[in-house]
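This report refers to the structure that appears directly beneath it.
Read-outs: derived from the displayed coordinates by stated rules, not from any lab. Since the structure is predicted, the reported quantities are computational estimates derived from the model, not experimental observations. Cβ sites come from the backbone with ideal geometry, for glycine too, and all protein chains shown count toward neighbours.
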Amino acid sequence: MEDRRRRQLAQNEALYRTVNEEIESLTETFSPEPRRMSAVCECADESCTELIELAIEDYEAVRADPTLFIAVPGHENLEIEVVRERHESFVVVCKNKSEGREVAVATDPRSR
């Protein structure tokens, strides 16, 4: 897979991560004691709209590392990432290849 394509796929995932940051913020604002949230799958498929139900604690653990993303099981793309963890409703993938890693770190909303 060419570098430009890998970079574009990583940018797709970074966009979904930004959306999920907003979802988490709204969940915390409007829920009296937020413990769980619905997040958009952060896979590379720009047409994917599947939702993942997860504990905010799990979401925060993923967000602690800018190279980690959440995806629906089966949506991982092993050409651009490796699976770090498997959960019942989601997988945690890591951008370990140079192009994806660079994009993941550069677009991390918590590092700005």
Show me, for region 22-33, the HN-Hα J-couplings you get by feeding each phi into the Karplus relation (A = 6.51, B = -1.76, C = 1.60, θ = phi - 60°), rounded to Hz, glycine and proline as x. 5, 4, 4, 4, 5, 4, 5, 6, 9, 9, x, 9
Farthest positive-ward along the chain dipole, Cα basis, beta-carbon charges - from GLY74, ALA55, VAL93: VAL93
Over region 3-106, equivalent-ellipsoid semi-axes from the Cα gyration tensor in Å: 23, 13, 12
Compute the length gained on full extension between ARG5 and THR18: take 0.36 nm times their separation in residues and subtract their Cα-Cα distance, giving the result in nm to one decimal. 2.7 nm
